[in-house]
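Values quoted throughout were computed directly from the atomic coordinates according to the rules given, and no laboratory measurement underlies them. Since the structure is predicted, the reported quantities are computational estimates derived from the model, not experimental observations. Heads up, the Cβs are rebuilt from the backbone with ideal geometry, glycines too, and the neighbour counts pull from every protein chain shown.
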Amino acid sequence: MIKQLVILSGKGGTGKTSLTAAFANLAKRNIPPIKAVLADADVDAANLELVTQPTLLEAHEFIGGEIAIINSNLCMSCGICEQVCRFDAIIPPNSNHPAYQVDTVACDGCAACVYQCPEEAISMVSQRAGSWYHSDSLYGDLFHADLIPAQENSGKLVTVVKQNGRLKALDTNAPLLIIDGPPGIGCPVISAIAGADLGVIVTEPTPAGAHDLERALQTIQHFHIPALVVVNKADLNPAMTDAIKTYCAEKQIEVLGEIPYDSSMSDAMKLGKDIIAYNPDLPASQALILIWNKIIKYLSLDGGLT
Ligand code: SF4
Ligand code: SF4
């Protein structure tokens, strides 16, 4: 049975991807090794590929939804579509363009204009919203994606990335799917945590970090996904780290560990490496190894690391 481990954070920039890449490396180094498939579900800012050195195997278009187009040969310029569109997506004739047209960014795809146009001049067309990819990476199969700016449906794209990761894990008998989740609490996060066996929430010891942790925990608990917490850069604000630990204790949420601040984390990123590959003996790496051992125990996977 495949175990799904999703790494989350209340906001971007907490070190979520660095930790995901480190866990992918630790799965490979585990004794015995744990075959893992990786899914970068942070499709709005995918960067797991920056530290896993992927070789592209497949690329696929992602069709996010439909938008309206107007056939100017049929349009009689009655203006009804402009009146019914609640998204201000119909552009009336102007000096640059003599016919009614659709603002493809503003169009929500509701199709109200299609039903109301007396000339049947409007139709809906599929729109490419991004791409998703399958790559071979340092730590196994990686599924990742990118979304065209201003395109929506990132929750749907997250589901596509995750589903393909899960299918690959099934095909290759990989017992673990490691998901780099999107930040925040929105629709993409809900897609990323669906069906997860464990959510690890990465936070920082700041008032904003504590607030974001609270919101992330509420979201994950709402969907009955078990959650554990990691405090990154814990030594930068020991009082706030203690406050986060107290909060978690009150909520009966285990704090898996604290990672000390280490500028090597970003140095490693700049070199396209995770912190374990950069130097497994650093205090931050050692903290991650202890956290990893707890995670695989929680997921009932074999072995561990010393
Ligand atoms: S409702 Fe149809 S005919 Fe009227 S302006 Fe819009 S596209 Fe043209
Ligand atoms: S499909 Fe909906 S949002 Fe798009 S132009 Fe028509 S009415 Fe407006």
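Below, the figures for the structure above:
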read-out	value
Cysteines without a disulfide-compatible neighbour (Cβ-Cβ under 4.7 Å), the chain	Cys75, Cys78, Cys85, Cys107, Cys110, Cys117, Cys187, Cys248
Candidates Glu61, Glu82, Glu49, ranked by Gaussian network fluctuation over the chain, Cα under 10 Å, top entry	Glu82
The stretch 84-111 residues near the modelled Ser77 label - backbone nitrogen below 20 Å, point 7 Å along Cα→Cβ	84-85, 89-103
Kyte-Doolittle mean at least -0.5 and Cα axial length at least 15 Å: DSSP H helices in the chain	16-29, 154-171, 238-250, 283-298
Footprinting exposure proxy for Leu50, Leu198 (fewest neighbouring C-beta atoms within 10 Å first)	Leu50, Leu198
Relative exposure of Arg29, Arg86, judged by other C-beta atoms within 10 Å (fewest first)	Arg86, Arg29
Segment Cys187-Asp302, length gained on full extension (0.36 nm per residue, minus Cα span)	38.1 nm
Point-charge dipole on Cβ atoms (K/R +1, D/E -1) for the chain, about Cα centre, debye to 20	820
Inter-label distance, nm, simple model (7 Å from Cα along the C-beta direction), Glu120/Thr172	5.0
Label-point separation, Asp281 to Thr55 (7 Å along Cα→Cβ), nm	3.2
Cβ-based exposure ranking for Met124, Met1, in which fewest neighbours within 10 Å come first	Met1, Met124
